[in-house]
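Engineer: Sharing a structure with you now.
Please treat every number below as a calculation from the coordinates, not as lab data. Being a predicted model, the structure only gives us computed values, none of them experimental. Cβ: placed from backbone, ideal geometry, glycine included. Neighbour counts: every protein chain shown.
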Amino acid sequence: MPNIASAKKRVRVTKRKTLRNKIIKSNLKTVLKSTISSLTNKSDDARQALSFAFKRLDKAAAKGVIHKNKAANKKSQLQLLYNKSF
């Protein structure tokens, strides 16, 4: 357990940021799964789902939750899946 005030604060801040990152990652995984299922089922709202997934990936990358290259790779994979489906 830290004794110094700044170290105590770092523990609190790290706990908050870890929780935020966990929420964002969990939400991102859910969105990606639903997008992939809508693309493979060739549903009508596939384009909207793809756009929403892109937005979530960009937001996660901007906040530093995932790396920008990982976001770009995921977007590329989703776009390829969309192009194959339609």
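Engineer: Which of the following values of Rg/Rh (Cα atoms, Kirkwood Rh) was calculated from the structure shown: (1) 0.91; (2) 1.19; (3) 0.95?
Structural biologist: Matching the structure shown: (2).
Engineer: Output the relative contact order of region 5-85, whole-number percent, from Cα pairs under 8 angstrom with separation of 6+ residues.
Structural biologist: So the answer I get is 30 percent.
Engineer: Another one. Between Thr18 and Asn73, what is the label-point separation in nm under the 7 Å Cα-to-beta-carbon projection?
Structural biologist: Result: 2.5 nm between the two label points.
Engineer: Still on this structure: In a shell of Cβ-Cβ distance under 14 Å around Ser76, excluding Ser76 itself, what net charge do Lys and Arg (+1) and Asp and Glu (-1) give?
Structural biologist: That sum, taken over residues with Cβ under 14 Å, equals +4.
Engineer: To continue, here is another question. Helix 5-40 versus the longest principal axis of the chain: what angle, 0 to 90°, nearest 10, using Cα atoms?
Structural biologist: With rounding to tens, the tilt is 10 degrees.
Engineer: What is the dipole size for the chain, taken about its Cα centre, with +1 at each Lys and Arg Cβ and -1 at each Asp and Glu Cβ, in debye to the nearest 20?
Structural biologist: Charge dipole of the chain: 700 debye, to the nearest 20.
Engineer: Okay, helix-only estimate at 222 nm for the chain: each DSSP H run of n ≥ 4 adds -39500 (n - 2.57), divide by all residues, round to 500 deg cm²/dmol; what do you get?
Structural biologist: -29000 deg cm²/dmol
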